[in-house]
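Remarks on the structure that follows.
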Amino acid sequence: MHSITYTHPQTVADCEQIVALQHANLPAQLSASEIQQEGFVTLQHSAEVLWAMNRPYPHITAYCEGQLVGYALAMLPHFGEKVPELLPMIAVIEQASFKGKALANTPYFIMGQICVAKGFRGQGIFQGLYQQLQQQCAPHFELLVTAIDKKNTRSLRAHEKVGFVPLEDSPPPPNKANWQLVVLELKMDN
């Protein structure tokens, strides 16, 4: 078991490390069996966009002996303008409701992406990233929403394990997109 430190990006260079880990986990960089067994990320951001997204609610990063081994990206809905690939997802979220309450009228944020480096998976880092993100954002938001490619079964299972549930009361994804919206209620124990 590795000793993991959770923190936030402090510089654009920290965001460049996130970009490198993203790149290593894009489907084009993985074999078919790795995609099926290990999961993948679907988007690559620029370090500059990640740095801009890092305020006022910073991303969570996980380090082991100075090496970035995981990240969870916090994203406010208005950042969809800087990541146009996410605009269809945000449009669906804005039309959806959860437990009878319209998301458009609910304080929520988007988990822009989560990734744990090979060799560090299955050690609780995924849960640790979400725990840190929840502690940071629960005082300000009621819900955390994200979309997962339905082919990414490892990610779907991991999100379910930390408490995400499918956002059933939402319009279908546009253009036959193959993703599932999931939501996590941000409850903090007092």
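The values are calculated or read from the model by the stated rules, or taken from the named source; none is laboratory data. Worth saying up front: this structure is predicted, and the values here are computed from it rather than measured. As a convention, Cβ positions derive from the backbone with ideal geometry for all residues, glycine included, and neighbour counts pool all protein chains shown.
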Worksheet entry | In the range 1-25, the residues that are assigned to a loop (DSSP other than H, G, I, E, B) and more than 19 Å from residue 159 (Cβ to Cβ) | 1, 2, 3, 4, 8, 9, 10, 11
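I need the full set of residues from the range 27-43 which are surrounded by 14 or more Cβ atoms within 10 Å (Cβ to Cβ), of a type outside the set (Phe, Trp, Tyr) and assigned to a loop (DSSP other than H, G, I, E, B), in order please. Spell out how you get there, then give the answer.
Step one: of the range 27-43, the residues surrounded by 14 or more Cβ atoms within 10 Å (Cβ to Cβ) are 27, 30, 34-36, 38-42.
Those still in the list that are of a type outside the set (Phe, Trp, Tyr) too: 27, 30, 34-36, 38-39, 41-42.
Across the range 27-43, the qualifying residues are 30, 39, 41, 42.
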Practice prompt. Taking the residues in the range 88-121 that are in a loop (DSSP other than H, G, I, E, B) and closer than 23 Å to residue 55 by Cβ as candidates, determine which candidate is farthest from the chain's Cα centre (by Cα).
Written response: 106
Discussion item. I need a count of the residues in the range 162-181 that are modelled with pLDDT of 85 or more, over 22 Å from residue 30 (Cβ atoms) and not in a loop (DSSP other than H, G, I, E, B).
Written reply: 3
Worksheet, complete the sentence: Out of (1) closer than 14 Å to residue 39 by Cβ; (2) more than 16 Å from the chain's Cα centre (by Cα); (3) acidic (Asp, Glu), the one residue 81 does not meet is (1)
Worksheet item: Would you pick out the residues in the range 19-60 that are hydrophobic (A, V, I, L, M, F, W, C), closer than 20 Å to residue 149 by Cα and touching a residue at least 12 places away in the same chain (Cβ under 8 Å)?
Response: 19, 21, 24, 26, 35, 40, 41, 43
Discussion item. Under 8 Å between Cβ atoms, which residue pairs at least 6 apart in sequence (or on different chains) link something in the range 134-160 that is under 17 Å from residue 86 (Cβ atoms) and without any contact (Cβ under 8 Å) to a residue 12 or more places away in the chain with a partner that is β-branched (Val, Ile, Thr) and crowded, with 22+ Cβ neighbours inside 10 Å?
Written reply: none
Worksheet item: Just a yes or no: is a residue in the range 109-125 surrounded by 13 or more Cβ atoms within 10 Å (Cβ to Cβ) and in contact with a Pro (Cβ under 8 Å, 6 or more places away or on another chain)?
Response: yes
Practice prompt. Would you tally the residues in the range 84-107 being in contact with a Phe, Trp or Tyr (Cβ under 9 Å, 6 or more places away or on another chain) and either closer than 17 Å to residue 59 by Cβ or acidic (Asp, Glu) (or both)?
Written response: 1
Response to the item:
Checked 96, 72, 47 against criteria (at negative phi, touching a Ser or Thr at 6+ places or on another chain (Cβ under 7 Å) and crowded, with 16+ Cβ neighbours inside 10 Å); the one match is 96
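What do you reckon, is residue 4 in contact (Cβ under 8 Å) with a residue 24 or more places away in the chain and crowded, with 20+ Cβ neighbours inside 10 Å?
Values: in contact (Cβ under 8 Å) with a residue 24 or more places away in the chain: yes; crowded, with 20+ Cβ neighbours inside 10 Å: no.
No; evaluated as a whole, the condition is false for this residue.
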Fill in: Checklist (1) exposed (fewer than 13 other Cβ atoms within 10 Å of the Cβ); (2) part of a helix (DSSP H, G or I); (3) out of contact with any Leu (no Cβ under 8 Å at 6 or more places or on another chain) applied to residue 85, failing item
(3)
